[in-house]
Amino acid sequence: MAHIIVVGNEKGGSGKSTTSMHVATALARMGHRVATLDLDLRQKTMARYIENRLLFNKRHDLNLPCPTYRNLPDIPADALQPGENVYDRRLSAAVAGLEDECDFILIDCPGSHTRLSQVAHSLADTLVTPLNDSFVDFDLLARADPESNKILGPSIYSEMVWNARQLRAQAGLAPIDWIVVRNRLGAQAMHNKKKMGDALGDLARRIGFRVIPGFSERVIFRELFPRGLTLLDLRDIGVKGQMNISNVSARQELRDLVRELRLPGVAVDF
């Protein structure tokens, strides 16, 4: 059975698709069989990222490792059971068609609350929630007092994760390993970073997630997407000047991120 990684955050701009593509491609490079699903049926950023990668390979006669991408299958209305939600069926059919032939299935969720995203969270063995390292985005996880930063209660998103955990427990499945990834970590504003770290640490103990560092703010990520590339491809494509100090540091961030995910059977060797 494939290990299911769900990348979810109900706010846009947190780096979900960048995180998804880098994790999926890193696993593929290490020899794992990886399939991806994009549940943002409107934007399909993850799908376009992989499409760009396949096109880059073709144009440059390369064979850069690439995860498989699958669209959700169409389900005829007459195939549904009474009261069955078509999106539930489409997602379950997609996962069922992949889990015997893959080591990992990575599901990239939209930056909003949808039925598909809700169901995907209940399927997650590992849940990755990228979060911009700012109190502007902290309320994705919890409501906080603006003066004292005291946590007042969980957010709607955190409650959805709690419900997903309950559903898994009722089904006799292993608990979700929930990981909050601090993206866009800045080199400056150390006081704010410490306050954010303290608040996340407090909340992690209360509602049960792990906090790990993600990617710093770097221009390189904007340049990689149109070509479908990741940080791990820069040496392979042989572009002069790509492996500068910033990009070497970014590779280390990716290495640390994948290691801290603690995925089964994964020994980080890139």
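Just so it is clear, none of the values below were taken in a lab; they were calculated from the coordinates. Keep in mind that this is a model prediction, so the values were computed, not measured.
Going by amide H atoms built from the backbone, whose H comes under 5 Å of the H on ILE107, apart from near neighbours?
Under 5 Å from the amide H of ILE107: ILE5, VAL6, VAL7, LEU37.
Given the Cα-Cα distance of LYS194 and ARG235 and 0.36 nm per residue of separation, how much length would full extension add, in nm?
11.3 nm
Taking the alpha carbon gyration tensor of region 166-230, what are the square roots of 5 times its eigenvalues, largest first, to the nearest whole Å? If you can, show how the numbers build up before the last one.
On the way: eigenvalues 174, 94, 6 Å².
The equivalent ellipsoid of region 166-230 has semi-axes of 29, 22, 6 Å.
Determine the percent antiparallel among the DSSP beta bridges restricted to region 1-128, to the nearest 5. Let's see the in-between values first.
On the way: 0 of 15 bridges.
Restricted to region 1-128, the bridges split so that about 0 percent are antiparallel.
Picking from LEU173, LEU232, LEU91, which is most flexible by a Gaussian network model of the chain using Cα springs under 10 Å?
Sorting by GNM fluctuation, first place goes to LEU173.
Evaluated at 25 °C with a viscosity of 0.890 mPa s, what Stokes-Einstein diffusion coefficient in µm²/s does region 57-105 have when Rh comes from the Kirkwood expression over alpha-carbon pairs? Could you put the intermediate results ahead of the total?
On the way: Rh = 13.2 Å.
So the translational diffusion coefficient is about 185 µm²/s.
At q = 0.11, 0.19 Å⁻¹, what log₁₀ I(q)/I(0) does region 130-270 have when each alpha carbon counts as one equal point scatterer in the Debye sum?
Calculated log10 I(q)/I(0) at the listed q: -0.54, -1.18.
Would you mind telling me the antiparallel percentage of the DSSP bridges in the chain, rounded to 5?
Roughly 10 percent of the DSSP beta bridges within the chain come out antiparallel.
Jot down the radius of gyration and Dmax of region 8-53, Cα atoms only, both in angstrom.
11.0, 32
Wrap a convex hull around the Cα atoms of region 105-180, take a quarter of its surface area, and give that in square nanometres.
Answer in nm², one decimal: 5.5.
In region 1-131, if every C-alpha pair distance is counted and binned at 10 Å from zero, what percent goes to each bin?
Per 10 Å bin, starting at 0, the Cα pair percentages come out as 13, 44, 33, 10, 1, 0.
Return the whole-Å distance between the Cα centroid of region 31-91 and the Cα centroid of region 191-270.
Here the two parts' Cα centres lie 24 Å apart.
Taking only Cα atoms of the chain, what ratio of Rg to Rh do you get with Rh as the Kirkwood inverse-distance radius?
Working: Rg = 18.8 Å, Rh = 19.4 Å.
On the Cα set of the chain, Rg over Rh gives 0.97.
Of the candidates ALA144, ALA250, ALA35, which one comes out as most mobile in a Gaussian network treatment of the chain with C-alpha springs shorter than 10 Å?
Of the options given, ALA144 has the highest mean-square fluctuation.
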